[in-house]
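Here the structure is laid out as structure tokens; the discussion comes afterwards.
The values are calculated or read from the model by the stated rules, or taken from the named source; none is laboratory data. Note that the structure is predicted; figures quoted are calculated from it, not measured. Backbone-built Cβ (ideal geometry, glycine too); neighbour counts: all protein chains shown. With ligands, DNA and RNA removed, areas are computed over all heavy atoms of the protein, side chains included. Shrake-Rupley method; radii C 1.70, N 1.55, O 1.52, S 1.80 Å.
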Amino acid sequence: MAAYTPMIQQYLQVKADYQDAFLFFRLGDFYEMFFDDAVKASQELEITLTSRDGGAEERIPMCGVPYHSAANYIEQLISKGYKVAICEQVEDPKTAKGVVKREVIQLITPGTMMEGKGLADKENNYIASVTAFDDQVFGLAYNDISTGESKVTLLSHNFDEVLNELSVLNVKEVVVASNFSAELQKKMRERGVLVISFEDNSSIEMNFARLLDGLDQEPLKQTVARLFHYLFRSQKRSLDHLQPVTTYQIHQYMKIDYYSKRNLELTETIRSKGKKGSLLWLLDETMTAMGGRMLKAWIDRPLIDRSAIEHRHTIVEVLMQHYFERQEIREKLTEVYDLERLAGRVAFGNVNARDLVQLKHSLMQVPFLIQTLQGLGHEAVKQIADQMDPCEEIADLLEQAIVENPPLSLKEGNIIRDGYNPELDQYRDASRNGKNWIAQLEREERERTGIKSLKVGYNRVFGYYIEVTRANLHLLEEGRYERKQTLTNAERFITPELKEKEALILQAEEKIGELEYELFTQIREIVKEYIPRLQSLAKAVSEIDVLQCFAQVSEDRHYVKPQFSRDRRLMVKDGRHPVVEKVMNAQEYVPNDCIMDHEREMLLITGPNMSGKSTYMRQIALTAILAQIGCYVPASEAILPIFDQVFTRIGAADDLISGQSTFMVEMLEAKNAIANATKNSLILFDEIGRGTSTYDGMALAQAIIEYIHNRIGAKTLFSTHYHELTVLEKELTQLKNVHVSAIEQQGKVVFLHKVKEGPADKSYGIHVAQLAELPDELITRANEILSKLEKPEDIEKVWTEERVPNKEESAQLSFFDEPASVKKQEPSSKERKVLDHIKSLDLLDVTPLQAINLLYELQKKLKC
Ligand code: ADP
């Protein structure tokens with residue numbers, strides 16, 4: 001180390017404390033990176049890698065980014081899951097003796113972004129801490145540093161619940177103790193956590209103790225304390241906007257695990273992972289960023305408390321009944337800026353004058369909002385209005401103090417209004433008068449010398465000067481002008497009077513700059529004291545924003561207010577899938593009823609592929625969720641139970657991540673539902689059991705249905721292609737068959753998407769085969785087998801006495817059996833090829849259309 005120059009030594013000392021971060025080391029107008037950081041950053045950011053002499057023999061790798069465009073680069077690194085430590089010069093280079101002192105002033109990490117593109121307006125950016133109290137009990141706290149909101153809970157079931165919360169909240173960074181289990185860290189990474197950070201201090205300190213007042217258990221406090229220590233350590237500043245921490249329990253909300261949320265596409269779609277096409281996208285008629293974030297949080301946590309849900313419905317109803325007032329509210333809300341994040345920036349000290357003007361405009365909307373809400377004459381609405389604090393003092397202060405269109409930079413001046421501060425006014429007078437005086441001087445000098453082109457100008461090096469072109473120099477009075485600068489065509493002069501006025505003007509301008517900055521900082525400090533009030537205002541505004549959004553969507557899309565049954569009855573008339581309906585065009589969507597009462601706790605849904613089984617199942621779940629977040633529902637009438645949990649097993653989108661086989665995941669999900677569901681839950685099982693062979697799958701499906709029916713009694717929608725299961729209706733008193741209908745019209749299959757009572761028409765598959773022009777003989781044979789399969793007592797016969805060579809082989813194989821008379825003959829090589837082809841197929845991967853095409857190809861091969 002001794003061989004390095006003092007600056008590199010300083011760099012290495014600072015870097016030693018930030019091994020896991022890129023160190024942005026301020027050198028003049030650049031942030032430089034050295035050694036490995038430089039090599040890695042040059043690759044990640046695609047910037048040139050250079051080197052510099054650092055005193056040692058070998059040159060040191062180096063790369064850098066300009067100070068003014070650093071934000072972009074920092075964001076790129078953060079989005080890739082890195083941390084960036086910002087190391088600034090903390091003393092004036094002019095007065096420094098030796099190497100300028102430098103310190104890390106902030107550690108920016110994926111979980112602690114305060115601004116930038118990475119921070120979507122309508123999304124929270126959460127950082128969490130997890131503390132293990134024993135194998136089964138975990139504390140989980142999370143915080144959004146841009147809004148200051150924190151929540152904490154204890155999860156006592158197992159680590160899956162922690163993982164579930166982290167996934168649902170989309171947590172990018174988790175803080176744990178340094179001895180936290182490596183295996184669990186790995187699990188968190190697998191679930192999308194970008195960075196794991198370490199913090200061993202979980203003691204409660206004075207500077208944040210008051211924020212923990214609402215927490216009654218020591219483990220909760222410790223979990224939050226770990227998170228706060230990390231935040232203070234990395235942000236290195238007062239975080240005055242941190243709000244009191246609230247505790248929550250997951251069983252206070254409808255429980256939907258992360259995979260079910262994804263399956264139901266609540267906040268993002270499975271395919272694109274984007275918002276478009278999700279329930280959130282459909283609902284998002286919020287007018288403010290804060291409302292957008294609250295909407296997402298509400299969708300993530302539907303309520304189970306009847307009165308709380310009905311409270312929301314009541315307000316939505318009032319807002320629906322008052323169309324014009326609602327439009328007025330929407331208009332006012334568009335003028336309301338992101339008060340929560342603004343409060344965060346005030347506390348952070350990086351708020352600018354334009355932000356404060358926006359704050360003023362936001363606050364100015366509040367009295368109108370209050371007035372409109374109170375005018376609706378309803379107690380529940382009035383309560384929200386009462387929580388809105390217009391913070392008039394702040395609005396007035398900002399109106400008096402800050403000009404309407406201030407510059408972005410705080411150093412340019414022109415921020416503070418005339419008349420706000422007498423001292424500033426005096427300096428401004430001097431400066432403005434001085435400038436007038438200079439304009440006057442220019443006129444006088446032109447007259448005195450008779451030079452029309454004479455002008456008075458200003459530059460940074462020489463200050464004010466009188467400029468005369470070369471051709472006119474002879475007109476100048478001898479001894480009056482002192483030469484300062486010679487240009488190609490002109491000379492520049494000063495006079496003592498000009499110098500004197502210049503001093504006054506420059507001094508005034510310097511003072512103006514300093515004073516404006518000082519006044520701005522004072523105003524910012526005053527606003528800081530209002531942070532808690534601004535935050536509670538933000539909450540009330542967000543709440544009314546989400547509720548008006550529900551009213552707007554419900555009206556636009558003709559939703560109805562759901563009623564809640566006390567006997568667990570579910571009755572939805574003309575129900576629709578909200579998103580499919582929106583995407584496809586409302587007229588085309590076929591509404592469907594759903595009735596589930598104590599005689600119909602389970603519906604076994606049959607019907608051909610693409611007929612609408614899964615859409616029907618999802619629409620029931622989405623209707624329940626919409627109702628429980630407080631929105632109206634897509635139906636003409638709806639009576640619903642309050643569901644405590646929703647379980648789904650639909651599709652196989654996530655199976656790859658876990659490294660499990662599709663079938664294993666299917667079974668794990670089934671287990672999850674069976675182990676946790678109560679009679680108040682909703683279970684959606686789409687084609688459970690199809691991941692294994694026919695007999696296995698059917699046996700499991702039946703056993704699962706029986707178990708849920710006999711032991712749990714949860715409302716269950718079970719779609720299946722095993723028609724054989726429809727006989728269960730006879731034995732299981734609470735199970736009913738329904739099917740989604742399809743008909744044949746002019747030789748084509750038409751899906752009616754209409755759900756009807758009873759099992760599906762079983763000959764349907766054979767129908768499709770017929771449409772695909774399979775040989776008549778084959779169709780007849782299929783019908784024959786089918787009619788036997790329909791009689792359960794004959795099933796055994798079909799498989800043994802009939803011609804199927806081997807139980808293990810799939811039913812489709814029997815289509816290619818030879819007639820009985822030639823049964824013993826060996827298949828020809830052509831036939832063998834076809835058989836081999838069929839054996840090698842992965843039927844789970846084949847769509848019905850592809851299957852028909854394939855069948856056609858195979859048949860062609862056999863025929864030729
Ligand atoms: P399945 O689960 O039976 O294979 P899906 O539920 O995936 O069928 O539905 C297939 C397609 O049919 C959907 O993408 C949708 O476009 C359409 N569909 C489903 N239900 C309806 C309906 N009720 N009205 C109109 N179209 C529907």
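Here are some notes:
- Radius ratio Rg over Rh of the stretch 422-519, counting only Cα atoms, Kirkwood formula for Rh: 1.06
- Protein heavy-atom surface of the stretch 6-108, 1.4 angstrom probe: 48% of the accessible area is carbon and sulfur, with nucleic acids and ligands not counted.
- For GLN770, neighbours were defined as the other residues whose beta-carbon sits under 10 Å from its Cβ, and their charges (Lys and Arg +1, Asp and Glu -1) total -3.
- Angle between the chain longest axis and helix 531-556 axis [Cα atoms, degrees, rounded to 10]: 40 degrees
- Accessible area in square angstrom per residue, the stretch 422-519, 1.4 angstrom probe: 63 Å²
- Estimated at 0.36 nm per residue, the fully extended path between THR662 and ARG52 surpasses their Cα-Cα distance by 214.1 nm.
- A simple rule links phi to the HN-Hα coupling: the Karplus curve 6.51 cos²θ - 1.76 cosθ + 1.60 with θ = phi - 60°, which for the stretch 287-298 gives 9, 10, 5, 5, x, x, 5, 5, 4, 4, 5, 5 Hz, with x for Gly and Pro.
- Per-residue extension of 0.36 nm, minus the Cα-Cα distance of ILE595 and TYR695, leaves a gain of 32.9 nm for this segment.
- In nm, spacing of pseudo-spin labels at SER181 and LEU835 (7 Å Cα→C-beta vector): 5.1 nm
- ARG271-GLN507 FRET efficiency (beta carbon distance; Förster radius 60 Å; 0.05 resolution): 0.35
- A simple spin-label model places pseudo-atoms 7 Å from Cα toward Cβ; at GLN89 and MET206 they are separated by 3.6 nm.
- Of the cross-linked pairs LYS573/LYS756; LYS122/LYS221; LYS715/LYS736, those separated by over 20 Å at the C-alpha level are LYS122/LYS221.
- For the stretch 408-437, backbone nitrogen atoms closer than 20 Å to the point 7 Å from ALA71 Cα along Cα-to-C-beta are found at 408-415.
- Two-site FRET efficiency, ASP135 against GLN252, from Cβ-Cβ distance with R₀ of 25 Å, rounded to 0.05: 0.55
- Across the stretch 415-435, the residues whose backbone nitrogen lies under 17 Å from the label position 7 Å along the beta-carbon direction of ASN405 are 415-418.
- Among PHE159, VAL176, GLN222 - extreme Cα towards positive end, dipole of the stretch 127-252, charges at beta-carbon: VAL176
- Taking label positions 7 Å along the Cα-Cβ direction at both ASP574 and LYS455, the computed distance is 7.5 nm, reported to one decimal.
- Isotropically averaged projected area of the chain, using the convex hull of Cα atoms (one quarter of hull area), nm²: 53.7 nm²
- The chain, dipole about Cα centre (Lys/Arg Cβ +1, Asp/Glu Cβ -1), debye to the nearest 20: 1120 debye
- Rule-of-thumb Rg ratio for the stretch 393-432 [Cα; 2.2 N^0.38 Å; N residues]: 1.21
- Accessible surface calculations at 1.4 Å, restricted to protein heavy atoms, place the stretch 67-193 at 42 Å² per residue.
- In this calculation the C-beta distance from TYR517 to GLU482 is compared with R0 = 45 Å, giving a FRET efficiency of 0.80.
- Pairs beyond 29 Å (Cα-Cα), from LYS255/LYS539; LYS273/LYS582; LYS613/LYS860; LYS186/LYS679; LYS186/LYS582; LYS97/LYS528: LYS613/LYS860; LYS186/LYS679; LYS186/LYS582; LYS97/LYS528
- Cα gyration tensor shape for the stretch 565-771, rounded if a/c is under 1.5, else prolate or oblate: rounded
- Accessible-area composition of the stretch 127-252, carbon plus sulfur, in percent [1.4 Å probe]: 47 percent
- Helix axis angle, 159-169 relative to the chain longest principal axis, alpha carbon, degrees: 60 degrees
- Between helix 218-235 and the chain: long-axis angle, C-alpha atoms, 0 to 90°, nearest 10: 50 degrees
- Reach of LYS80 by Cα under 15 Å, taken over aspartates and glutamates that are not fewer than 8 positions away in the same chain: ASP20, ASP37, GLU44, GLU46, GLU173
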